[in-house]
1. Just give me the residues in segment 29-40 being surrounded by 14 or more Cβ atoms within 10 Å (Cβ to Cβ) and in contact with a helix residue (DSSP H, G or I) (Cβ under 7 Å, 6 or more places away or on another chain), in sequence order.
2. Tell me which of these residue 99 doesn't satisfy, since it passes every other one: (1) over 16 Å from the mean Cα position of the chain (by Cα); (2) under 21 Å from residue 147 (Cβ atoms).
3. Tell me, which helices (runs of 4 or more DSSP H) wholly within segment 1-72 include 3 or more residues that are under 20 Å from residue 100 (Cα atoms)?
4. Output the number of residues of segment 125-145 satisfying the condition of being loosely packed, with under 10 Cβ neighbours inside 10 Å and either over 26 Å from residue 62 (Cα atoms) or modelled with pLDDT under 85 (or both).
């Protein structure tokens, strides 16, 4: 049985997980055919954090195996949404740069979500939502700082 200090964590993470599933469905309904939420997430990350990231850096940021990120990047490149070029600091690796088309797709997708957000605003108190944003941000920052202590997901664990 969890102690009183840890009791709220599972219900909070459970709600966040369900919200993620529901919001993913909203997002994917607005994306062009052939693109899914992870593709959008990479574009958003490249804009929010900065582009010119290596595939390894992106895989670490998303906590997925490098092979999964390589596949995601390849799909984005085929759609003309990113460019993969030699790393200017190291000729052996590559960096991912978002294209103008990638920026337009990301911005257009957010704009296409406008009616969904307006519907949410009619049915949900946006002031309450604004109040929880700092808490969610603090939780994300904490988890982000502590995630690198885990072994990479693409490495088999020893028994």
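The values are calculated or read from the model by the stated rules, or taken from the named source; none is laboratory data. This one's a predicted model, so the numbers in the text were calculated from it and none came from an experiment. Neighbour counts are summed over all protein chains in view; Cβ atoms, including those assigned to glycine, are modelled from backbone coordinates with ideal geometry.
1. Listed by number, the residues that qualify are 30, 31, 37, 38, 39, 40.
2. Residue 99 satisfies every listed condition except (2).
3. 37-48
4. Residues flagged as loosely packed, with under 10 Cβ neighbours inside 10 Å and either over 26 Å from residue 62 (Cα atoms) or modelled with pLDDT under 85 (or both) within segment 125-145 amount to 3.
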